[in-house]
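What follows draws every value from the coordinates through simple rules; no lab data is involved. Please read all numbers here as calculations on a predicted model, not as lab measurements. No Cβ is skipped: glycine too gets one built from the backbone with ideal geometry, and neighbour counts run over all protein chains shown.
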Amino acid sequence: ALTPYDIHNCPEHPHEDYPIQWPVLDVLRNWPSDDANPQVHREIYQGLCVFDYRTDLHKAKHYRHKEVPFVMRNDPAAARTAERWNYPGYMERLLMGDEDQKRRTEYSPNNHFMYWVDKRTRSERRRVNKEFKELKRDNDEVHNGFGRGDQLEMKEAMRQQQDLNRLKEEMREAKEYAEDHEDDDEAQEEFMRLNEAVKAAKHQKHRAVSTHWQPPTENLRMTYMEWLGHANVTDDMLGPDNPHWYFRLIGCGHMGDHTEDGSCDAGSSEWLFDELTFFQPREGEQRPFYLVEPKSQKGIHCRFGMKGVIAENHFDLSRNAISLLGGQRRYILAHPNQCELMNLLPKGHPSARHSAVDWSDPDLENFPSFERAHVNEIVMQPGDVLYLPTNWFHYIISLELNMQCNTRSGGEKIHREEINDCGF
């Protein structure tokens, strides 16, 4: 697609409309997200600049200062890691050794993966886990995963949470007014009425979550070789409605107090800081280009995806540096000013900050505003590093078996008005 700048020879400073974006439905119709085959000859809608580390570092610094996304290519440190990780047998030796360590793995009965935080009570989780065990024992499917007919339920979850958030705001305002007007009986009654309405809305939402909501994925633990046995399969065993697995590594680093020993996760991988030297939280002249605030780094997180895996559209509250170390991934990005068109699951939902829309099959009847959203895309190659600023949306498709690691280092309070308008 045409841009007013050459994406491989970008100007010193970002263009006023950088990065260029196109209608989301044009992008998805041109290359459907369920199609995980790399498009060698098809034109894509790329708006991001690609900088060569050897010759364009000064340009990349200007774009980083402006907090806009771009891709860095030919970084010698990233290239060396990618070369090692793709050498036959290297990852097996690195990850297996003598430990046979089981690490975090996510399972989905289809190709959709959505982050979630379980907000149910412990007793409710125990009850559901017991039901899951019984289903598994009978070889029944535990859940349907995200998408494939779930968008109506997503719409209802959005409505319930939005009603609750609205009532909370009304109650907060009523409380402030009542505290300032203690002699106003009507003001006190209005506050009490709204307080009861919030309790009722919370109860209704709680019942809906405990009886209807299901985690969109299942959290497991596997060794690397167990995961590889599931993931490294031929195309005839793939497809959007077949099971998919996502393998994870975590290098804790300074994720919190006293986590340098790897205590943030069972089977943590602190050696990631030795493998990915360009993500080490060094200060001063030794500070890596990708870490704007090394002291605010939240570990190194790696996700190994099998072909076809989709990570649902969402935004994060911190800047991100994402290194692809094997395979190819397609990233579809959107500016934070597209927030209201993304139809996000609201604050308080287990998958808050994620789009309720199934981009593989958008339900425009229930989410008509999605059609007006604009995005751009890029296919990342091994050794590429994507700089993704705070609050930018990203939707990810694995185009083949791949290895990706990312790190976060603080965040800028930018585009807050657009994000606040979405309820976050």
Descending Cα extents along the principal axes, segment 361-402, whole Å: 40, 26, 13
Please list log₁₀ I(q)/I(0) at q = 0.17 Å⁻¹ for segment 247-401, using the Debye equation with identical point scatterers on the alpha-carbon positions. -1.12
Can you give the FRET efficiency for Arg29 and Glu293, using 1/(1 + (r/R0)^6), R0 = 45 Å, r = Cβ-Cβ distance, to the nearest 0.05? 0.70
Relative frequency of Cα-Cα separations exceeding 20 Å in segment 345-424, percent: 50 percent
Rounded to a whole number, what is D in µm²/s for segment 37-89 from Stokes-Einstein with the Kirkwood radius over alpha-carbon pairs (4 °C, 1.567 mPa s)? 97 µm²/s
GNM flexibility winner over the chain from Glu12, Glu106, Glu131 (Cα, springs under 10 Å): Glu131
Once every DSSP H run of n ≥ 4 in the chain is given -39500 (n - 2.57) and the sum is divided by its residues, what mean residue ellipticity at 222 nm do you get, rounded to the nearest 500 deg cm²/dmol? -9000 deg cm²/dmol
Which FRET efficiency, nearest 0.05, do Arg54 and Asn242 yield, Cβ-Cβ r, R0 56 Å? 0.85
Can you return the aspartates and glutamates within cross-link range of Lys199? Criterion is Cα-Cα under 15 Å, with same-chain partners fewer than 8 residues away left out. Asp163, Glu169, Glu170, Glu190
Taking R0 as 35 Å, what's the FRET efficiency between Glu12 and Gln381 from their Cβ-Cβ distance, rounded to 0.05? 0.90
Roughly speaking, what % of Cα-Cα pairs in the chain are separated by over 42 Å, rounded to a whole number? 17 percent
Treating cross-link reach as a plain straight distance, find the lysines whose alpha-carbon is under 22 Å from the alpha-carbon of Lys202, omitting any fewer than eight places away in the same chain. Lys119, Lys155, Lys168, Lys175, Lys347
Percent RCO, i.e. relative contact order, over the chain, from Cα pairs under 8 Å lying at least 6 residues apart: 24 percent
Computed over the Cα atoms of segment 229-324, the Rg and Dmax in Å are 16.2, 51
May I ask you to list the aspartates and glutamates whose Cα is less than 18 Å away from that of Lys295, ignoring any residue fewer than eight positions away on the same chain? Asp257, Glu260, Asp261, Glu270, Asp274, Glu283, Glu285, Glu412
With 16 Å as the cut-off, how large is the P(r) tail for segment 1-120, expressed as percent of Cα-Cα pairs? 76 percent
